[in-house]
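Below is one structure; the comments refer to it alone.
The values are calculated or read from the model by the stated rules, or taken from the named source; none is laboratory data. These figures come from a predicted structure and were not determined experimentally. Here the Cβ positions follow ideal geometry from the backbone for every residue, glycine too, while neighbour counts run over all protein chains shown. These area figures cover heavy atoms from the full protein model, side chains too; ligands, DNA and RNA do not enter into them. Shrake-Rupley method; radii C 1.70, N 1.55, O 1.52, S 1.80 Å.
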Amino acid sequence: MSQEIAALAVTGARQVVAWAERAFASAIAEYGSEAKVSFPNTGYFLPVIYGVTGLKVARLEDIAEVLTHIRTLMPPENAGSADLPQALDAGMAALFAAEVIEAIRYLRQPQFYGAPAPRADVVWLGAADDTILRKRGIQFVDGTAPGFAVCVGAAPDATTAAALARELQENHLYVFMAGTSRGTSMAEQLAVRGVETGWETRLVPCGRDITAVVFAMGFAVRVALSFGALVPGDRERLVPYMRERVQAFVLALGEINPEKCAFAVGALNFGFPVVAEKHLPEIGDIGLCKYECLVGGVPYEQMVKRALEVRGLKIKIARPPIPVAFGPAFEGETLRKPATFVEFGGQHTPAFELVRTLTRDEVADGRITVAGPDVDAVPEGGRLPLGIVVDIYGRRMHPDFEPVLERRLHHYINYAEGVWHIGQRDLIWVRISKEAFAKGFRLRHLGDILCAMLKDEFGGIIDRVQVALYTRKEEVLKLREEARAYYARRDARLENLRDESVDTFYACTLCQTFAPSHVCVVLPERVGLCGAVSWLDARAAYEINPHGCNRPVPRSGLIDPVKGEWAACNTFIREQSHGAVERVCFYSIMDAPHTSCGCFEAIVSILPECNGFLVVNREYSGMTPSGMTFSTLAGSIGGGVQTPGFMGIARSYLASRKFIRAEGGLARVVWMPRSLKEQMRPALLRAAAAAALPEGFIDMVADEEVGVTVDAILPFLEEKGHPALRLDPLF
Ligand code: SF4
Ligand code: ZN
């Protein structure tokens, strides 16, 4: 490493460490050593510090130990010029110090950052909480987000910043922004150009101060910890893991001052290469990153391309022929009424969408028909009915795959910049913005999008696809009736789908990218614990790509029908978990329960005193009667291990007939957060009735308003006569 860079990094690190020492001293004086410090709603403490050292910072006094550790990482004051290992350690120290500074900021000004969504008065989001981590982290697992860029500083002007952001978005990357150059920041430059920032658009403003860069690093560390089953403090495994699997890089914008340099070198510790606009002495491949470590003098127009090369990221992008930008980063844009040129559905006009399977001769591949007036036939702010009918022919297509494909329409349509879609089936609501209209977006482009994307993603089962768009009211109404008959037939088929009625289950090993010993087995009556993979989805995915992460598991060699254990499934799981898991009982939580990666929507946790279980969903950040919050529970059950009494699940699994059947099923649920109860009420009512539970069972289940301790809820359960109290003891 060049002496110049090393010296600059050490100088910068000294500065950041000095800031942290000062912030700590004055916070102690003001708040006392007992004061609680934390980032919002997370089980990962201060994640970079926690991940790398294992130190749990929960109170101000805990920071003293971190500072001691930081000092050991800094080269002595008068040691002469620093070498590579010293600069790397100093960079790490700068990251720890930045995390301390930001934690103290949260203590002093809890409202400083506008998370989770940018507020009108602050664009900066600060630290992502665990709900965001899960929702976004899974995208790094399933490949919808190939990686992320950490942009430090600002571009020379707003136009350049917007172009850079757009290019990163079109490559599906997340963009974290922190720090300033010449008094402005990239996020502010984007605001000037009216570019929408926030998690939804993947443009994440972390903070204006350079220290906020640590939020991006903390996000990466938590992705590794939560999906990779890594032990906090195991730096030997964390670093290679981040280098191999968390595909991130740093873009250094504007001038390079010592602090910026310290953080850039800090990022090298995790294998994140740095690409800078300014000319800097290059650091080649020295075994830290995949290829080069630091490349300088890259003009803005070439930055993204160069960064992808240096990082070794190959991104495959399907691009339909449409006049607006396209990609998942545009999926989260909001499109409000005043910016809307035309809208469809949303209770105002009839609208629906349908995917049908037809015979070969009935489908003309690539044909797009617009029947009725196009959007230029209505005045600005107008409305039209809309029927979207997608016809598929494929030798390996099966009508069971129709709903799987149909659910993708929502995403594809949203990928277009300035086009917005919500709902499904006959409840859709679509808007096209004035800007998209002005750029020439017309109805046929919806067809272009759907043809291109369905072929791209489902080429394995789709040979031909045609799209028809209807906008005449009578025709839409008539076709909507036909569509409703389709939906009804599908629902009836799904209702009747039972574990016993199929001879094959499907495994999903998608999360092995992050949790190497975890294997999800998806049953007709047990959706994957992320809630996103049903048996039909997994089967379709297998048909599409037999070499992907969904593989058939024969349902044979029944060992225990009540606990749901099959010899063939055990063999499969043993192999796929590389021997880590011997056997799994799908219907039991006490005996060899299904493993959990990090993606579960909710956790089931034993409450022995109540002879039952509590269920807590990820969105609920309060305490539970187990004495642990969701975050704490999640930290102890994830990573592909079996923990009897504890299990991660998809919310909808609660209403399954097979939900912890061996232990008595739904009757064992004694507590859940109120919001979850309300959200699930219709499904739970049906499930309770099917299980012949007493009328009003749902309201016998305690929630946080009854209490968050066993002592508080037990009298309630007794008074209501909760059936769990009469079931066999769990032990
Ligand atoms: Fe991950 Fe399981 Fe969901 Fe597959 S089904 S994505 S392995 S949580
Ligand atoms: Zn997972």
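Scanning the range 39-83 for residues that are part of a loop (DSSP other than H, G, I, E, B), closer than 22 Å to residue 128 by Cβ and among the hydroxyl-bearing types (Ser, Thr, Tyr) yields 42, 44.
Selection within the range 328-341: residues that are at pLDDT 90 or above and in a loop (DSSP other than H, G, I, E, B). The member of this set that is surrounded by the most Cβ atoms within 10 Å (Cβ to Cβ) is 335.
Residues checked against (1) on the phi > 0 side of the Ramachandran plot; (2) hydrophobic (A, V, I, L, M, F, W, C):
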{"site": "651", "(1), (2)": "no, no"}
{"site": "655", "(1), (2)": "no, yes"}
{"site": "660", "(1), (2)": "yes, yes"}
{"site": "666", "(1), (2)": "no, yes"}
{"site": "681", "(1), (2)": "no, no"}
{"site": "727", "(1), (2)": "no, yes"}
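With respect to residue 137, is the statement that it is on the phi > 0 side of the Ramachandran plot and either within 16 Å of ligand 1 (Cβ to nearest atom) or not assigned by TED's automatic domain parsing to the domain that holds residue 650 (or both) true?
Values: on the phi > 0 side of the Ramachandran plot: no; either within 16 Å of ligand 1 (Cβ to nearest atom) or not assigned by TED's automatic domain parsing to the domain that holds residue 650 (or both): yes.
So residue 137 does not fit the description; no.
For beta carbons closer than 8 Å, sequence separation of 6+ or different chains, a first residue in the range 699-716 that is outside the structural domain of residue 688 (by TED's automatic domain parsing) and a second that is of a type in the set (Phe, Trp, Tyr) and open to solvent by less than 50 Å² (accessible area, probe 1.4 Å), there are no qualifying pairs.
Mind listing whichever residues of the range 511-559 are part of a loop (DSSP other than H, G, I, E, B), within 16 Å of ligand 2 (Cβ to nearest atom) and within 26 Å of residue 665 (Cβ to Cβ)?
Step one: filter the range 511-559 for residues part of a loop (DSSP other than H, G, I, E, B), giving 514-519, 524-525, 527-534, 545-549, 555-557.
Adding the requirement that they be within 16 Å of ligand 2 (Cβ to nearest atom) leaves 514-519, 527-534, 548-549.
Listed by number, the residues that qualify are 518, 519, 527, 528, 529, 530, 531, 532, 533, 534.
When you check residue 99 against the structure, is it at pLDDT 95 or above and closer than 24 Å to residue 629 by Cα, yes or no? Reasoning before the result, please.
Values: at pLDDT 95 or above: yes; closer than 24 Å to residue 629 by Cα: yes.
Spelling it out, residue 99 is indeed at pLDDT 95 or above and closer than 24 Å to residue 629 by Cα.
Entry remark, the range 499-538: residues being more than 13 Å from ligand 1 (Cβ to nearest atom), in contact (Cβ under 8 Å) with a residue 40 or more places away in the chain and open to solvent by 40 Å² or more (accessible area, probe 1.4 Å) number 1 in total. Can you find a residue in the range 151-165 that is open to solvent by 10 Å² or more (accessible area, probe 1.4 Å), part of a helix (DSSP H, G or I), in the same structural domain as residue 220 (by TED's automatic domain parsing) and in contact with a Phe, Trp or Tyr (Cβ under 6 Å, 6 or more places away or on another chain)? Checked against the condition, which is being open to solvent by 10 Å² or more (accessible area, probe 1.4 Å), part of a helix (DSSP H, G or I), in the same structural domain as residue 220 (by TED's automatic domain parsing) and in contact with a Phe, Trp or Tyr (Cβ under 6 Å, 6 or more places away or on another chain), the range 151-165 yields at least one hit.
Here residue 580 clears all of (1) within 16 Å of ligand 2 (Cβ to nearest atom); (2) surrounded by 18 or more Cβ atoms within 10 Å (Cβ to Cβ); (3) not β-branched (Val, Ile, Thr) except the condition numbered (2).
Just one residue in the set 560, 591 is at pLDDT 95 or above, away from ligand 1 (no atom under 11 Å from the Cβ), closer than 23 Å to residue 630 by Cα and open to solvent by 10 Å² or more (accessible area, probe 1.4 Å); that residue is 591. Within the range 190-201, restricting attention to residues that are touching a helix residue (DSSP H, G or I) at 6+ places or on another chain (Cβ under 7 Å) and open to solvent by less than 10 Å² (accessible area, probe 1.4 Å), the residue that is nearest to residue 54 (Cα to Cα) is 201. Got a number for residues in the range 476-510 being over 31 Å from the mean Cα position of the chain (by Cα), assigned to a helix (DSSP H, G or I), over 19 Å from residue 660 (Cβ atoms) and of a type in the set (Asp, Glu)? Of the residues in that region, 2 qualify. Taking residues in the range 184-195 that are within 14 Å of residue 254 (Cβ to Cβ), and partners anywhere that are part of a helix (DSSP H, G or I), the pairs with Cβ atoms closer than 6 Å and at least 6 places apart or on different chains are 186/161; 189/158; 189/161.
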